[in-house]
Amino acid sequence: MLRDAVLQARSANAFYLPVVTKIDFFGRGYEPFDESEFSRRSSTVVGAGGQALFVKSAEDTVLRKLLWFREGGSVSEKQWRDIVGVLRISQKTLDNSYLDSWAVRLNLNELLTRARSARSPDLSGR
């Protein structure tokens, strides 16, 4: 399943049951944003034995979730909460020029502006 997801630029997930953690895996697409997103990933140590995973940046997480939110008809409360939550948690460290530049290129600037100004993590703040 994971190999197919990677080869077809789709996603797959796995569950690590000892701590009930879901891990999402994403195959890299071939569009300019996909390439930028992939190139900006960072290695993060996740285990006591020094095991590491690559993790995408907060900016790319916001942009990707905004794409999924829009593709889903702009109705997913979960995606919206995630977007607003990442913006809140990462607000002091975000590369806003990168975020703004890609939001314009991906035609997400209005959604990003709305997410930045959201006072509550639900859709009622639209």
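The values are calculated or read from the model by the stated rules, or taken from the named source; none is laboratory data. Since the model is a prediction, treat every value here as computed from it, not as a measurement. All Cβ positions, even for glycine, are placed from backbone atoms using ideal geometry, and neighbour counts span all protein chains on display.
Out of the stretch 5-15, which residues are loosely packed, with under 11 Cβ neighbours inside 10 Å and modelled with pLDDT of 85 or more?
Matches in the stretch 5-15: Phe15 only.
May I ask you to list the residues in the stretch 28-37 that are out of contact with any helix residue (DSSP H, G or I) (no Cβ under 7 Å at 6 or more places or on another chain) and either among the acidic types (Asp, Glu) or modelled with pLDDT under 95 (or both)?
Selection gives Gly29, Tyr30, Glu31, Asp34, Glu35.
Just checking, how many residues over the stretch 38-88 are among the aliphatic types (A, V, I, L, M) and either loosely packed, with under 15 Cβ neighbours inside 10 Å or at pLDDT below 95 (or both)?
7
What do you reckon, is Arg10 touching a Gly at 6+ places or on another chain (Cβ under 7 Å) and among the basic types (Lys, Arg)?
yes
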